[in-house]
Every structure is written in structure tokens, then in C-alpha cells.
Amino acid sequence: MRPRLIGFLCEWCAAKALENMAHKRLRLPDGFMPLRVNCSGAVELSLITQALYEGASGVLVGGCPKGQCHYREGNTRAAIRLRAYRRLLEALGLPPDRIRAVWVGSGEGERLYQAIWQFWKELTGEASPL
Amino acid sequence: MKKIQLKPLSRIEGEASLEIVLDDRGRFRDLRLKSDLFRGFERFCVGRPVEEMPFLASRICGICAEAHYLASLKALDRIFDRTPAPEVQKIRQIFFLSGFIRDHLTVLSLFATPDSVSPVLSQDAFRVLRDLGLWRDFLEIRKALKEILEIVAGRRLHGGGGLPGGWSKALSAEEVAELKTASLRVHRGVRRLGEAWQRLFWEASISDNAPGFKKKRALLALSPDFVEGQLSGTLRGKNFSAEDYREVIEETESRWPGLKVTTLKGKYTYLVGPWARFSLWPSPGIPGLQVLYEKTLECLKQSKGMTPWGMHVLRVYELVLAAEKLRETVANLEEFRPSVSGISGPVHREGIGLVEAPRGLLIHHYEIDDRGRLAKVQIITPTAQNYRALIEDLEDFFKKSKKISEETLKQSEKIIRAYDPCIPCMLHILVTSKGQILKTAKMRLFV
Amino acid sequence: MKKWKIFLCECGGNIGEVVDLPRVTRELGEREIEIFRHPFLCSPEGQAFFSRKARGAKGVLVGACAPDLHGETFRRLLREQGIGRLQLAPIREEAAWTALRNPTEKAIRLLRAGLAALKQIQSFPTRAVKPRPTLLIIGGGAAGITAALKASEVGLKVYLLEREPFLGGKALHLDRLYPRLECASCVFSPKLSSLLRAERVEILTRARLVGISGHPGDFEVEVECQPRYVRIEECHGCARCLSACPVDPPAINWPVPHPVPRVPVINPFRCLRFKGQSCRRCEKVCPRGAIYFEDTWSRRTLRVGGIIVATGFRPYPVEKVHYYGYGRLPEVITLFDLEKAFSSGTMLSESLPKPLERVAFVHCAGSRDRRHLPYCSEICCGLALKASLRLKELFPRAEIYHFYQDLRLKGSEGEGLYQRARARDIKFVRGRVAEVSEVPWSPEDEGRLLVLAEDTLIMRKIKLPVDLVVLVPGFVPELGARELAALLGLCPGEAGFFEPRENKVDPAETVRKGIWLAGACSGPKDLSETVASAEAAALEAANFLSRSEILVGYPQLEWQASSCGKCYLCVEVCPFQALVPAAEGLKVLPELCQACGLCVSACPSGALSLEDCGLRESQLRAVLG
Amino acid sequence: MRLALYNALSCAGCDLIFFLEDLPEAFWNDLEIVFWPEVCENREEILSHLPRGSLEVAFVCGAIRTKDQERLVLSLRERARKLVAVGSCALYGGIPGLLWEKEEEGPRPVTEIVSCEVAVPGCPPEPKTLKASLEALWEEKSLEETSPRPVCDECPRLRRPFRINQLVRFWGEDFSQGDCFLSLGVICAGPVTKSGCEAACLKAGYPCWGCYGPLDRQAGERLLSALASGVLPAKADEFLENLVDPVGTLFRFFLAQSPLVRLRKNLEDEKDSA
């Protein structure tokens, strides 16, 4: 089942968005592994390093839209943190594009799906069947 | 064809081995110095914030860390266009001299002294020092130096304090008082040890038929002080001076394809270090030192040409000189509060820092990019500059020896020790002619 | 020996037919694990099965639907058994319904991750509290008023928060109601009056929410009130001050038809006193001494058990659709301008050009348009039709045209309304209006507007000179909705309307427990729908707040003194001020902590950890392995 | 006591000859130096004549880069009953570990090649640290590390809640005393670094460079995470712009043991095999 794409999804927005799409029976790549988190701002960078090291081809962090964090600025923190982390990867000669973020509300499942499939396509060449 | 390996060479700074190739009749054909100590500072320091460089430079060498630190700091002074205040200069001087004394102390006591006693005794340098009654002074000076460095730089090794044009560590009145006591302890100990060593080495040079060095060598040193002044040198009996090291030094291809060594312009092998300093510097004019100066001079005159023991005698002189300077600088020191401010960034793109490290002229040369990161780092260490002379002398020695015996090998190690090579210092300058750093696999040659 | 127990729900065929559950059982099987399967774990029979089988478990993993749906049920059942550890793996949404090729494989990995998490959690991250029987309602429009009435009737204390000086919202300006054309104020004003009589309702006007902390059942909210300069508790509403005011129209006034509260408000931008003059006329005539010029901005802290959000909607700012000329051409008005004019009676007097010979209603002004509102607001067609009938009543000789895309008339009586309009000779043209222009087509039309459109039924271009254009825009969330969403942690959808937890079956609930939605803040609604949704929200709130106890998240933020460097970055990072510096280093205030984990990811020394909510490396390994 | 010491890949600053005045008395009892190139004349061959477990203690004071170095360390491990890793190069790869940023491979920590009974962190270790470790070794105390504490524990600077306005380069302002460096925007590795140095650099007016090694394996990412959490959102762009050297700043002493550099190797291998 390689490759794997880990999705750290905020349980307030992104995970909800996924559920909404699931109710419409819209499909995601098998290698996409959603893991629910309290807040995108709670995703520790070491966990991302760990994910990459353990074999994830990519990590997608899904959080609430800008200004809409349930914890006020968790998503803002996450955004800054991920940008800094991508810079670190770049400096180490690692592909920064393996780390992405998507900011969606619970009603914006389509954008979440687009982001996942786009990422997946770039990782594997397999395009969305939708 | 046969190979003899001295692996590793004993009692030098850092690990290296000597490989001697003999022909079928057991005569010398070739030699190689090898080491695995390559770390690549000039490569991985690129991209680091320039202000971190003294800190990184210190890690090049644990033996002469203070010299690297100060050379780097001086390069930073240039880049940020800052002139250190007199008080800052004093503190830096104390920092540097303490390191200098510690370095010479290590070389003389642990590396050189065992060679001066009969081989039976020379198993373990600590025991030799104890047997000779030098141990207590040795430790006492070390303790005092440690105290000085901790006060001045926060730590006894790889300490900090350097800012462009300044120093970050404050010195209280009590600390200054402590420094004074400690510097006196150093001075006292060094004086005692110096006398003992002069006697010891003098005797050794008579009883030991140690090989001599080539007499006429070009010499190069920063003059007239360890940390200040300009380059001066002598080549074929003629003196010259220069502002910029690039006017006098060039890099040339070595015998081994792709590797570069430094020579004076015109491909002259040259020497840096105690011999160069002693020859090029004016007499110090410190009253307490005059006697020792003349004795040393005489000592050199009496031995025919320069010998390993002669080199060590010069080191003894420098040890005392440094202790005198340290005492003098500390005596004039006052309380200090750091007060550098208003630096908004680098002013110049390039900076060069020169100091007379214990082993000789040390050059740090940086270029930075527009975000204040190091773009080019060039470090020319004394060991690298002396390398060609060392190899020449070793080859001469082996060529002259009819047979390569255990004794010959011992003598060859004495030659190496007299040069006091510092392997960690040296092994970050492996640059191929294409400007690339050699990787491990190819890096079997000690250059 | 106690075992871990895994429950797999077939969810009818939803999971059972897609995921090979026997294989899942085989692959997850271990000595320490017992696995059960049930066709409908959430059914009464399934719950009984769950309770029976879970007995004595070390911890329970449920592979079923999304945690929000039945998580609470399973948690309650386990609590009865004294079992603290529960982990949910939503294999229905995350595997059965979404996996492209191999849902079984994916389900196995997700269950493994769940198991890894289960093995590490310590206990329930919850505690039981008695909710406060107090309700905060944000928004004093039709929804807020209805909810307030209903909630007070069942015995809840209600704080009704309104941003404006008077209650009523958009409903105040309605003239007639769709589809029966009854008089809006006849229907609505009794509600307003009963609110004034209602017990336990405290009205806070000119107020807005600025802060919230605490948890469902016991929120602490901070409210900021703008000064009214009139003491509500003193004023009797005699209105003497209105006529005493030298400014015209009066600077002290109630500029709405049915002011609730019946207390005027001083507009400091118009009042002479605030312009530095010494006028005190209103103060002098007031028999109650209610005038209070020194009034200032104030803040209040309220403790409430739950919150109903009823912030409503507003029409799309149609001036953005520049080719319709709103704001530029005086004869272009919106449906709401018209409605306001009707309700205040100004329609009959001065404001319209007479004679009114021809009027065009331009439907979908900005709606169903990617550049403006991509969606249909559903209720505007009916409102427009209703208004055109009223207009016809007032100007029987006027020709009325509706330019529409699709007429969407809701309810069984919508069609009747349409037939009535046809019978009154109101004309319908199917087609989008391209432009409203003031440049006349022929000299006799000088001074009239030109509506350019295409009749898509007969495929002919139309250039119609008219005297009045009524734009019918769609609806967007009320101003400040996004800020409120951020404050409350609600999830707005793409259009900015708040998303209910589940659209169909839980329209009043939000993702946050203890916060409900009423009225048009969750999407455009007409009055009847608004009232219905407000009643639903009130019912949900009453139900929740009258429980004897509820389970709330009890965050287990752990602070390890030995690793802490006391940099106090966490203190600043915490959005809820739940961390404070203390003599021993740091103090965690669990009642303020929301377990968001921001401090955990900010701590450089790893001194903070969320025992039960944190994501773990073992979970990662389970999905990656 | 039969003893061996090998400096491996290092600046030689952790060699015990720098600690002579601080070594515990027990060190000198019946000292027999078998291998220690800096102070005795025995060559490497001598080790091959020694039976397994015949050395009481062996010290390794640097990192490992070449096969020869690895061989020597393995041979020491085999012969020594106690192996002591001294200094940050030996434990984490140290400063030379930064070569991993520029090359496919760099030096590796000794602890990754052989197990060590005692680990003495620091660049160089403070005498106190070394002495404590050696005494524990002599007394056969197991050196189970109590959970390490950050350098901040010993730092004299003033701490209070803060946000980072912008990153400040350490090039000349007077920082000799005052508030926590992080709160001033100067990147300080103190919070992610093991204590034991008594915050020597901080007391000398310098931020911590991290020489005592990371508190745990996530230290680099943690520091970055903390900085990103502290920076004002409006200043995020400026912050990223001023983070000129993320690798050196975050992983200064322990890049060699970061999973990220291994990851790069994995990715390259993947590419090669593809």
C-alpha cells in the first residue's frame, strides 16, 4: 500500500469536511491516512519528521480557514510553523513540497479533496477518478 | 617493496600515521602522512551566520582554540568595521595568551619532555613529568589558566565573549583581582618550569644526536606581536613585509595530484612558528626576559643549525614571553562593562584576521553574502604552511639514513614533534585544484 | 486477565458490505484482544450487546462511524460499566465510504492506529458537571426573540444580546409576509410585547460578545456594551424628550416602528451636547431623570450554561454588481428599500417618482453568479413576488415586470401566489438582466431607465424603459459573523454561514457542545423557517441545560517541572489564559484549559503534554507500517 | 587500571589531557596506559594482542567517519569493560556533524556504533560533568539518567511571558544581562539543551549554542516549533526571512543524529533504486 500520505486533520473543520464528503461517497486514495488532531496548531514538527522518517511520502495538515480557529490562532501558528519547517527541509536538501497545508471549513470538503488528490497525483502520478 | 607504518604517530596533537615505503634493499623510497581527521569546516561553515564563526572556528582545534577564536573575531572586526576599545583589546589579549601558554605547556611537557629522558622512562608522559618533578608546577599553571579563561570567556575551553569590536563578558572588580592573582601564579610556575626545561633540553640536545633541519628557510610571521602588526618575513636573507597575506603566500600543487599546499610566492617553502617569530621579532625589551633571550640566542648559535631541541628551546622562550605579557596585561586591567551597541549589520563583504597562533601564522579569511551568511571560508593554518618543510626535512632525514632502524623511526618522530603539527587544525583545508573538498575515500593523504 | 475489546459495527451494509470484517478480525486478532461484530451497534439491541460484551474490558475500541455521531452513546454505556478507556475509529467515513480500492486494508490500518492510541490513553478525559440553567442568545431578531421566549417559558434564565439599540432585526421592516400576504407587524409585534413581559429575560442592547472561556454547561462570556445615554431601568417611554430635542430629526430617538425596549437612544454624532454645546433640553423634560450623558462603554461578565447564535443574515451588498447601478442611479432600489418604504408608509408619499408607469424587478442580483454569490438564496423569489403584488395594490396602473432565472417559490402556497400575480397582469420574463442603463433608447424615454436583458424563452433581446428598478439580491451572513465564529470556534461554510453539526437531523447543533444555531445565521430563511429553527434551538438548549449532569472534556495537561525551562512562552501562547507563572514554575488552571495543545507544540523543552488527547508516534507507525 | 583513549574525529579538545587537574584521585591509582597516542608510544597493533575485556576502561572522545575509525572503536569496545564516550562529537556528532548538510554523509556519533556505559556530554564537558561521570564509573554506580533538565534551569537571565517581535542577530548589541534571549528574539538553544554546564555561556553574555546536546531527539524541531509559536503572526514573513540558517541554528550540535539527514539518504537510495 505504498506510498502513504498522512493527513493530520483538525477535528473541528478538516475532519468534518472529510466526513461530509464521505457521506457523498466521494473517494480518496487508499494511501491517504487521516489522523485526527485537536487543532492543526497542536501538530508537533517532530511528529512530521517522524512521519517522513517512518516512510510517509507526504504530510498534509488540514486546519480551519484563516481566522476561524477554534482555539483562536492555532491554525495561524501551524501555518507559520509549517512554512519554517519547509524552509528547514529545503536547507537540508529535502523536498519541501512533501509538507503541505490546507485550510478548509467543514463545508469545504471539495477543496480538501482537491488538495488531497492534487498532492497524491504529484506523489504517485495517480489522478483522481472524479 | 616494503612498507613501514607508524600508526598512529605518538605524542602529537591529533591522530595521524606515517607510512614509509622502502625499496627491495630496504632503502627509503617514499613517505606518506595519513590521517582520518578530516572534518570539512571550510565547507560546512558556509551558509552559517557570520557572527557565529568565532564560535565555530574555536571547534576547529581544541588545542589552539583561542587562536582560531581570535583570528576569526579579528576577521569579524573588519567585516563589521569595528575597532576594539583598548580595554577590549586587553581582555582579548589575556584570552589569547592564556590559550597560548596552555598550548606550549602541553607541547613541552607531554610531547617534548619524554624525548629528553632515556627511552625506558618514556612510556607514559605523566610518569615522566612526575619523575622529573615537573608535575606539580604543570598542574598549578593549568589550574591558574583555567581560572583565567573561565573569568574572561566563561569557559575553560571553547569559551565565548567575542563580539565584533567588543567583548560580551563583563568583568567585576573581584574578578579582575582574581585574574591578577592567577596571572602571577602562571608567571611563577612558567618561570620555574622554563628554567628546568632549558636545562633539560640543552643537555638533551648535546647527548642526543638529533637530526638537524635545513638551515636556510624562508620565514614568515606577524610582527611585532602575537595579535597585532603586519606580516614580515625573510627570504634568502632578505627581509620583506606585507599588509595582505595574499601578497606573499600562494597555493601550489603538491606532489600528490589535486592537492594544494601553501608556499611563498615563487614556490618557496617557508616556515612559520617559533623560529620565524624569534628571528623576525625585535628583542622584546622586557627587563625580566633579557637574560633568557640571550641564553636562547646563544643556545641556538652553539648547536649547529636548527635541531628539534632548538625548536623546543624556542618554545620555552615563548612560553616565558607569553607569561610575562600576560602578567603585564592583567596588571593594567580594570573593571569592564560591555558597551557595544548600534551595530545594524555587516559593513564590508570581506574580512581577514591574522594572529600568531602557538604554531605560527594563522589566517582566517571570510566572505559573506547579502544576508550576513558566510559565503566563503578560507583558513590557512600554521601546520599547513609548515607542511612542505616538514616533508622535505623528513625525506632528507630518511635519505641520509642508510638503514631504517627502530632508532631512525624514533628520530623521525622527533622531527615531526619539533614541527609540532596540529592534525585537527590542518585537516580542514583539503582543497582539490578544482576547489572541491575531498571526500573520505580519496582522502588518504595527509596534506 | 483483562482484555482489550474491539467492536466493529457493520452499519447495516455501510461497513459490512464494503469492508471485509472477517478479515479485519483475523488480522487484528491477538491474544490480548477480543473482537466483536454487530450489524447495528447504535440500535437499542446493539447498545445492549455492546454493554454486555464490553464488561470487564481493559479498554474499548469502536470501529464505526464518526465520533460525533455515537461517541457519546458508547462513552455513556462504558461509563456505566466503570470503563474509562474508549477510542473511536471512524472506519465508515474514513475507509468504507472513501477508500478507492481497498477499504479493508485501510480499515485495518485505521483500527491499528486506534488500538495504539487506546493502549496509551489513561482514562476518560471527561468529568460530570451540572449545567447552569442560563442561556445566552446572540442576536435579537426574530430568531433570537423566539428562542428567548421559548427558553424563558421552560424556566431558563436568558440573556438576549443585541448589537443595535432595539430588538427586532430584519423582521421589523417587513411589510407583508410570504405567501399569504398577512400583515407582518400584526404577526410579529405581539411576540415583541410578550418578550417585554417575559420573566427571566434580560435584554442587553448595543452589546456584543468579546470573550468566552469555560466549557459547555458553564461558559464565562464577556460582553461589551456601547453607551445608550439613557437609563433603560428609569425610562418610561413617554417620548417627551423626542419632541424637546432641537435637532431635526431628533438626536434622541427611536427610529424603528416598534421600539423594544421602548427607550430612546441618543446619537452622539448629532446631539448638540456632544458637539460641545450646553443643550440639556431632553434632560430637563425627562420626568424620570433617565438621561445620562456620562454613560460610557462598559463590560459585563456573564456565566451561562449554553449559547444560541442567532445573528441572522443581511442582503448581499448589491452595489458590488456595478452594472445594475445601485447607489449610482436613484431610481434603482433594492427589494429591502422597497420593503422598508412599505412598512414605514413613506411609499405613498414623497419618495417615488410619480406617475409610476413601469417597474422592473431584477431577480438574482448577484446570485448564482461565480463573481458574487454562487448560490441561490431560496427565499428572494417569493419576497419579490409578494412585494410586487403589494406594489400593484398601491399603484394599480403600474406595469410590473419580473426578470427571473428560475422562479423558486417554496411551499404549497407558492404556486397560488404566482397565479395571483399572473391574474393581476404582472409580467414574467425569463432571462438575466445584463445592464441597467440611464441612457435612453429613444427621445420619449428621456429620464427613464433602460433595462437590457434577453428573454431566453423566445430568444429575443429586450430593451425595456422603466421608472423604477427593484433589485432582488441574495443573502450573506450578518456583519461580524466571521469574528464571532472565530470567537466561538464555530465552523462557517464556504459562504460564511455557520454549519450545523449535521444538516438534516441536527440542524440546530454545532460542532461545539453547548452552542446552538437559530435562524438565518446558518443559511437564508424566511420568517416561518426562522421561527421554527429558533424553537428547535431553544428546545435543544433547554434539553441540554436541564440535564442533571453532563460530561465535559477534562483536559489532562501535564506539566513536568524538571524539564521546564521556565521561558513562559506557553503563558503567552495559551489562548485561554489557562497557564500562569507561579513560584514553583507554572500553574495549569484546568477549568480554563481547552486541551487545544498549542502550548504543547510551543514548549521547546517538552515539559508539557496532553496525556489523553495528544497524537502519538505509535499511531503513526500503525498507519505507516 | 589499564586504560585506552582514542580521540577519533574531533578537535582533540575532549582528550583527557585537558582534564588532568580535574581527574578524580582514583584515576591515577595503578594507572597503566595501554593506548593513548598523545601521551604514550604504543601503536595500534597493541590492541590486537589484548584479550577481550582486558582493559578496565576505554575513552572515545570524538565522532566516527571512516572505516578505520570504526574498526578501532569496535576493537576498543571488545576489549574494554567500560566504554566512556566523551564530548558532543562522540555523543551526537558535534559541530562536524554539520557536514551532513553539505555532503551525502558526515560523521556519526560513537553511540550509534557501539554501546557506551557512560556518556559525558559537552563541547567540551565541564570538568564537573566529567568528574561526576567518572566517579560514578569508579563506584560502579549505574548512570541511569534522571530526566535531563534544560540549560535554562541554571540560566541567570530574567524570565517572563513573551512574544517574539522579530529575530535579532547576535552581532553587537549589549546583551550582557537582562531578559531571556528568546524573549529578545535572539535564538538561544538553552530550552532544548541538557544542563550541566551551569549556563556558562549565558553568564558570559552569550546565548546557549546547545553544546551539551539535545534534551531529546526532537530538540531541533521543538526549538523551531517554539520560535514559530512565539513570533507575532504579523511578523511571520520577517521571521522566516531572518531565519537565515535553520539547519545550523536548530541542529548545531546534533545534526548527525537527526532523522532528517537519514531521511535524505533514504530518499536518495529510493531514487537510485528507481
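What the table shows:
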item	result
Rounded to 10°, Cα long-axis angle of helix C:414-423 versus longest principal axis of chain C	20 degrees
Computed E for C:SER344/C:ARG200 - FRET, C-beta separation, R0 41 angstrom, nearest 0.05	0.80
Ellipticity estimate at 222 nm from DSSP helix runs (n ≥ 4, -39,500 (n - 2.57)) divided over the protein assembly as shown, nearest 500	-10500 deg cm²/dmol
Burial order of peptide ranges B:159-171, C:514-526, B:321-333, D:256-268 (average beta-carbon count within 10 Å, highest first)	C:514-526, B:159-171, B:321-333, D:256-268
Phi-based couplings in Hz for the range C:380-397 (Karplus 6.51, -1.76, 1.60; Gly and Pro marked x)	6, 4, x, 4, 5, 4, 4, 5, 5, 5, 5, 5, 4, 4, 7, 10, x, 8
Rounded to whole Hz, the Karplus (6.51, -1.76, 1.60) HN-Hα couplings of the range A:113-130, x for glycine and proline	4, 4, 5, 5, 5, 4, 4, 4, 5, 5, 7, 10, x, 7, 9, 5, x, 6
Efficiency of FRET from Cβ geometry, D:LEU158 and B:ARG130, R₀ 60 Å, rounded to 0.05	0.80
Mean Cα-pair separation over length for the range D:151-257, i.e. relative contact order, pairs under 8 Å, 6 or more apart, %	31 percent
Cβ neighbours within 10 Å from other chains - mean over C:492-499	5
Peptide C:104-113, shielding by other chains (average Cβ, 10 Å cutoff)	2
Under 11 Å from the C:ARG368 label point (7 Å along Cα→beta-carbon), backbone N, the range C:456-487	none
Cα gyration tensor category, rounded, prolate or oblate, for chain B with a/c compared to 1.5	oblate
The range C:1-46: GluC sites (Glu not before Pro) falling in loop per DSSP and having at most 16 other Cβ within 10 Å	C:GLU17, C:GLU30, C:GLU32
Among B:392-405, B:130-143, A:7-20, A:104-117, the order from most to least packed when residues are scored by Cβ within 10 Å on average	A:7-20, A:104-117, B:130-143, B:392-405
Estimated translational D of the range D:151-257 in µm²/s (Stokes, Kirkwood radius over Cα pairs; 4 °C; 1.567 mPa s)	93 µm²/s
Other-chain or far-sequence residues with amide H under 5 Å of C:LYS587's (modelled H)	C:VAL580, C:ALA582
Antiparallel bridges, percent of DSSP beta bridges restricted to the range A:5-124 (to nearest 5)	5 percent
Contact order relative to length of the range A:5-124, as percent, for alpha carbon pairs under 8 angstrom and 6 or more apart	36 percent
Cys with no candidate disulfide partner in chain B (beta-carbon separation under 4.7 Å rule)	B:CYS45, B:CYS64, B:CYS299
Among D:239-252, B:78-91, B:57-70, the order from most to least packed when residues are scored by Cβ within 10 Å on average	B:57-70, D:239-252, B:78-91
Local net charge near B:GLY47, Cβ-Cβ under 14 Å (Lys/Arg +1, Asp/Glu -1)	-2
Degrees, to the nearest 10: C:184-197 long Cα axis against longest axis of chain C	60 degrees
Per-residue average of Cβ from other chains inside 10 Å of A:18-28	6
Loop-resident sites, the range C:194-235, for GluC sites (Glu not before Pro), counting at most 16 other Cβ within 10 Å (DSSP)	C:GLU199, C:GLU233, C:GLU234
Cα-Cα pairs of the range A:5-124 separated by more than 20 Å (percent)	37 percent
Chain C: angle of helix C:142-153 to the longest principal axis, Cα-based, in degrees nearest 10	60 degrees
Entries of A:LYS121/D:LYS102; B:LYS90/B:LYS414; C:LYS2/D:LYS265 with Cα pairs more than 32 Å apart	B:LYS90/B:LYS414; C:LYS2/D:LYS265
DSSP bridge orientation in chain B - percent antiparallel, rounded to nearest 5	95 percent
Stokes-Einstein D for the range D:2-138, Kirkwood Rh over Cα pairs, 4 °C, 1.567 mPa s (µm²/s)	87 µm²/s
Within-15-Å neighbourhood charge of A:ARG72 [Cβ basis; K, R +1; D, E -1]	+1
Extension gain from B:GLU328 to B:SER207, taking 0.36 nm per residue of separation minus the Cα-Cα distance	39.8 nm
Sparse-neighbour loop sites [trypsin sites (Lys or Arg not before Pro); the range C:14-87; at most 14 other C-beta within 10 Å; DSSP]	C:ARG31, C:ARG55
Estimated D of the range B:343-401 in µm² per second, where Rh is the Kirkwood radius over Cα pairs and Stokes-Einstein applies at 10 °C, 1.306 mPa s	114 µm²/s
Label-point separation in nm, B:ASP23 to C:VAL247, each point 7 Å along Cα→Cβ	11.5 nm
Chain C: relative contact order as a whole-number percent, Cα under 8 Å and 6+ apart	15 percent
Cβ-Cβ FRET estimate between C:SER193 and C:ARG303, R0 fixed at 22 Å, reported to 0.05	0.15
Partner aspartates and glutamates for B:LYS146 [C-alpha distance under 13 Å; skip if fewer than 8 residues away on the same chain]	B:GLU66, B:ASP103, B:GLU178, D:GLU21, D:ASP22, D:GLU126
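Just so you know, all these numbers are worked out from the coordinates, no wet-lab data involved. Bear in mind the structure is a predicted one, so any value in this text is a computation, not a measurement. For neighbour counting, all protein chains shown are included, and Cβ atoms are generated from backbone atoms with ideal geometry for every residue, glycine included.
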